[in-house]
Amino acid sequence: MPLPNLFDQLQELVATPSVSSYTPSWDMGNRAVVELLATWLRDLGFNCEILDVPGGNGKKCNLIATLGSGPGGLVLSGHTDTVPYDDGKWQSDPFKLQERDNRWYGLGSTDMKGFFPVAIEAARAFSETPLQQPLIILATADEESSMSGARALAQMGRPKARYAVIGEPTGLQPIRMHKGIMMESVQIEGLSGHSSDPSLGNNALESMHQVISELITYRQQLQQRYQHPGFAIPVPTLNLGCIHGGDNPNRICGHCELQFDLRAVPGMDNDALRGEIDLRLSEIAERSGSRIQRQTLFGGVPAYEEPANSELVKAVESHTGHHAASVAFATEAPYLQQLGMETIVMGPGSIDQAHQPNEFIPTEQIKPAVETLKALIRQFCL
């Protein structure tokens, strides 16, 4: 069967649901998307390995598709999952790719199923050409939720290559750094009682007041210690996101929970930050007599930075005509860096369209994206 054209490939990918979410009612597997990609890539001569992601119950998997062999090579990487969607806010079926106004509309069209047909189209030009170094197309699971796919690959130590391009939507501008992210919960157990006599209980809200004050002080200290001029907001941020506690005005609050996120700049370590926070919380617990626990809401993503003078950064800047920059959103780049690869983020489409109703990828960026990937394949694989 002949390989479908680029539009038809994306149409089939969009039509194959693969939502990942922390909410069980939304969460789906991605195996059907991976198997579809593997079918097309095998037809081009790629050796395809489908690897189950631990804890995915056989529904979550990664794909490593390799053309050629050797110690170096180039990885073209993308995630196969999408975020949930609000069907009522779409002007068309989110699972049916539609072309309007020089745009292709569909769930995941830009973030980031649209990258795979672009990568396959670029690879097709070399399917009959002996490669000096391998070309690897990597497809991962659960980037939009736990990043379990990329984490599993980092733990496995695969794939091995020298360079990696992650095709997140950047308008074809190379991105060489982003902040990390961690999301945490602080849970305080006090002792409820009648509000007429505060000595009858231990108010968890009052202990949380101390916690919030300490986190704000800690944020100020972090922003004094760490600055990175490569970001529009050059300091780490700590956002107090939501708080819940108590049940009635005339009861001493017995339980309170705060959730916050912290976005670190390169050079900061998420685990070290958690350790510093835990030390501060333990001191408040000792003073207040409340039981205070911190819980990590998800594993977090490390900050990422590729040196400005790396061979890959210079190559992508040359082929695109754009200077490498930074973004505020997190990607799988740190995990590919852990595998020893120079890594850059660059792909067609705009992050402004991601996670939105009526998501689209502009058709004018398709051909330039294909040509850019072809140039990288020539430079690093031939």
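Only the coordinates and a few stated rules stand behind these numbers; no lab work does. Worth saying up front: this structure is predicted, and the values here are computed from it rather than measured. Neighbour counts are summed over all protein chains in view; Cβ atoms, including those assigned to glycine, are modelled from backbone coordinates with ideal geometry.
If R0 is taken as 30 Å, the Cβ-Cβ distance between LYS96 and SER350 corresponds to a FRET efficiency of 0.90. Any lysines with Cα under 24 Å of the LYS314 Cα? List them, leaving off those in the same chain fewer than 8 positions away. Partners found: LYS160, LYS179, LYS367, LYS374. If you take all other residues with their beta carbon under 10 Å from the beta carbon of GLY254, and give Lys and Arg +1 and Asp and Glu -1, the sum is -1. Here GLN293 and GLN220 are evaluated by their C-beta separation; at R0 = 30 Å the FRET efficiency comes out at 0.80.
Using the Cβ-Cβ distance between THR23 and ASN57 with R0 set to 22 Å, the FRET efficiency works out to roughly 0.85. Distance between the modelled labels on LEU205 and THR39, one decimal in nanometres: 5.8 nm (7 Å Cα→Cβ projection). Annotation for ASP87 and ILE212: the two label points, set 7 Å from Cα along the Cα-Cβ direction, are 4.0 nm apart.
If you build a Gaussian network model of the chain, linking Cα atoms that sit under 10 Å apart, which residue out of ASP247, ASP352, ASP271 swings the most? Taking springs between Cα atoms under 10 Å, the residue moving most is ASP247.
Other residues whose C-beta falls under 11 angstrom from the C-beta of ALA32 contribute a net charge of 0, scoring Lys and Arg +1 and Asp and Glu -1. Each Lys or Arg adds one and each Asp or Glu takes one away; over the other residues whose Cβ falls under 14 Å from the Cβ of ALA325, this sums to -2. Name the residues of the range 340-382 whose amide N is less than 19 Å from a point 7 angstrom out from the Cα of THR129 along the C-beta direction? Answer for this model: 367-382.
Taking the Cα centroid of the range 88-144 and of the range 320-349, what is the distance between the two, rounded to the nearest whole Å? Measuring centre to centre over Cα atoms gives 17 Å. Expressed to the nearest 5 percent, the antiparallel share of DSSP beta bridges inside the chain is 70 percent. Helical content of the chain, expressed as a calculated mean residue ellipticity at 222 nm, amounts to -9500 deg cm²/dmol (DSSP H runs of 4 or more residues, -39,500 (n - 2.57) each, divided by residue number, nearest 500). Straight-line cross-link partners of LYS59 among the lysines, defined as a Cα under 22 Å from its Cα and at least 8 positions apart when in the same chain: LYS113. Taking amide H positions as modeled 1.01 Å from N, with prolines and chain starts lacking one, no residue 5 or more places away or on another chain lies under 5 Å from LEU240. For the residues ALA325, ALA354, ALA141, a GNM of the chain with alpha-carbon springs under 10 Å puts the largest fluctuation on ALA325.
Its relative contact order, with pairs defined as Cα atoms under 8 Å and 6+ residues apart, puts the range 151-267 at 35 percent.
Helix 270-288 axis versus longest C-alpha principal axis of the chain: approximately 10°, rounded to the nearest ten.
The translational diffusion coefficient of the range 181-301, from Stokes-Einstein at 37 °C and 0.692 mPa s with a Kirkwood hydrodynamic radius over alpha carbon pairs, comes to 215 µm²/s. When the Cα atoms of the chain are aligned to their principal axes, the ranges along those axes come out at 82, 45, 38 Å in descending order.
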